[in-house]
Amino acid sequence: MSDTIPASLQETLAHIGPVKERFRIEADQRLDQLTKPPGSLGQLEAIAAQCYAITEGSWPVPPRKAAYVFAADHGVTREGVSAYPSAVTAQMVENFLHGGAAINVLARLHDVQLTIIDVGVDADFPAHAALWQRKVRRGSRNLRVEPAMSPRELADALHVGMEAANDACSRDASLVAAGEMGIGNTTAASALAAALTRQPVEAVTGTGTGISSTARQSKQQVIGEALDRHLPLWRTETVAPLEALRCVGGLEIAAMTGFFLGAARHRKIIVVDGFIATAAAALAVALAPPVRDYLLAGHRSEEPGHTYLLRHLGITPILDLRMRLGEGTGAVLAMPIITSAMYILTEMATFASAGVSTANA
């Protein structure tokens with residue numbers, strides 16, 4: 001089935017273009033002139049060159065950083081795919097708003113503006129300065145037996161993400177990240193990972209919040225049945241990304257997809273978090289291949305499907321700390337490294353300016 005693209009999304013897609021290669025070449029040339037052996041800073045040099053190309057040589061000092069955590073519930077939790085009850089989604093949103101979660105600690109430490117967005121939690125929250133109330137519906141449907149979202153719900157969730165990207169632009173943020181909270185969302189992400197990479201369900205499905213091996217097998221069965229029901233040709237044919245997202249995704253994954261598309265439109269440095277966020281990033285790239293130019297992988301998750309998605313996108317993770325928390329924590333942890341790479345490019349002396357002799361041929 002081919003995708004039907006909402007009008008607001010079409011407008012965003014029309015404005016996403018690749019980075020200009022001349023800026024990457026300019027960055028590489030400067031990196032080779034800095035007072036160090038060529039290539040001696042390893043991945044930092046690639047990060048610096050990519051960021052320089054994204055920002056077209058303009059690097060604000062200090063850079064502004066923003067992270068958006070999208071929260072939603074999942075109907076598939078009725079199948080016993082998570083070690084935690086669905087109520088934990090709302091409880092964790094409350095924890096975010098009280099500043100007690102890991103993402104709150106890291107955002108405070110690294111001066112990252114944090115916004116929590118309710119795009120589909122099965123609960124109501126009082127007004128809060130850090131909370132956007134954008135509920136599309138009270139959780140997605142059970143993807144095992146019916147599509148997770150209707151076409152209208154999918155379009156609305158995508159729009160929430162694009163709205164957040166516009167907000168990041170209005171804040172003049174240079175580095176942006178999307179995190180998530182949603183009990184059951186590793187099931188949706190595993191289904192998407194299998195569909196996008198054509199890997200077996202068993203290869204891309206992990207333990208999520210810490211389920212047993214027996215529960216993991218049941219989870220794999222749920223995912224396999226969902227894919228065969230909604231995307232019967234997923235093993236042999238390229239799936240239509242919006243149809244895959246609508247049928248086996250989730251509201252927060254759809255919102256993150258919209259966010260990544262909007263952030264690429266605004267030429268932001270996008271720091272992708274873990275497994276769930278990378279599933280959304282892969283969908284964004286499927287919809288608009290130039291989005292790939294704007295993505296940096298904050299870390300590699302312990303979830304097995306994440307490695308397959310990173311390979312699918314051709315992205316090397318910055319950190320590998322055996323994390324599987326989500327919330328945007330891995331992305332925010334990587335932001336100081338990205339900032340360091342850019343400062344090295346722009347502030348480190350060259351051989352000529354420092355009066356240092358270059359290496360012999």
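The values are calculated or read from the model by the stated rules, or taken from the named source; none is laboratory data. Note that the coordinates shown come from a computational prediction; the quantities given were computed from them, not determined experimentally. Neighbour counts run over all protein chains shown; Cβ positions are idealised from the backbone, glycine included.
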Filter the stretch 69-102 down to the residues that are in a helix (DSSP H, G or I) and under 24 Å from ASN142 (Cβ atoms) and list them by number. GLY75, VAL76, THR77, ARG78, GLU79, ALA87, VAL88, THR89, ALA90, GLN91, MET92, VAL93
What are the residues in the stretch 68-94 that are closer than 22 Å to ALA130 by Cβ, touching a residue at least 60 places away in the same chain (Cβ under 8 Å) and polar (S, T, N, Q), if any? THR89
Conditions first: (1) touching a Ser or Thr at 6+ places or on another chain (Cβ under 8 Å); (2) surrounded by fewer than 19 Cβ atoms within 10 Å (Cβ to Cβ). HIS306 passes all but one, so which condition is the exception? (2)
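What residue, of ALA188, ALA168, is out of contact with any Phe, Trp or Tyr (no Cβ under 9 Å at 6 or more places or on another chain), buried (at least 24 other Cβ atoms within 10 Å of the Cβ), of a type in the set (Gly, Ala, Ser) and not in a strand (DSSP E or B)?
Details: ALA168 fails: out of contact with any Phe, Trp or Tyr (no Cβ under 9 Å at 6 or more places or on another chain).
Going through ALA188, ALA168 in turn, just one is out of contact with any Phe, Trp or Tyr (no Cβ under 9 Å at 6 or more places or on another chain), buried (at least 24 other Cβ atoms within 10 Å of the Cβ), of a type in the set (Gly, Ala, Ser) and not in a strand (DSSP E or B): ALA188.
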Quick check, is ILE116 part of a strand (DSSP E or B), of a type outside the set (Asp, Glu) and surrounded by 20 or more Cβ atoms within 10 Å (Cβ to Cβ)? yes
Pairs under 7 Å by beta carbon, first residue surrounded by 22 or more Cβ atoms within 10 Å (Cβ to Cβ) in the stretch 226-254, partner of a type in the set (Ser, Thr, Tyr), six or more apart or different chains? LEU245/THR257; GLY250/SER140; LEU251/SER140
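Among the candidates ALA27, ALA48, which residue alone is within 21 Å of TYR294 (Cβ to Cβ), touching a Phe, Trp or Tyr at 6+ places or on another chain (Cβ under 7 Å), at pLDDT 95 or above and surrounded by 15 or more Cβ atoms within 10 Å (Cβ to Cβ)? Before the answer, list the steps.
Numbers: ALA48 fails: touching a Phe, Trp or Tyr at 6+ places or on another chain (Cβ under 7 Å).
Only one candidate passes the filter, namely ALA27.
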Quick one: is GLY262 part of a helix (DSSP H, G or I) and surrounded by fewer than 20 Cβ atoms within 10 Å (Cβ to Cβ)? no
For the stretch 279-299, give me each residue that is touching a His at 6+ places or on another chain (Cβ under 9 Å) and in contact (Cβ under 8 Å) with a residue 60 or more places away in the chain. ALA279, ALA282
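Got a sec? Which of LEU283, LEU296, LEU321 is buried (at least 24 other Cβ atoms within 10 Å of the Cβ) and part of a strand (DSSP E or B)? Steps first, please.
On the way: LEU283 fails: part of a strand (DSSP E or B); LEU321 fails: buried (at least 24 other Cβ atoms within 10 Å of the Cβ).
Residue meeting the stated conditions: LEU296.
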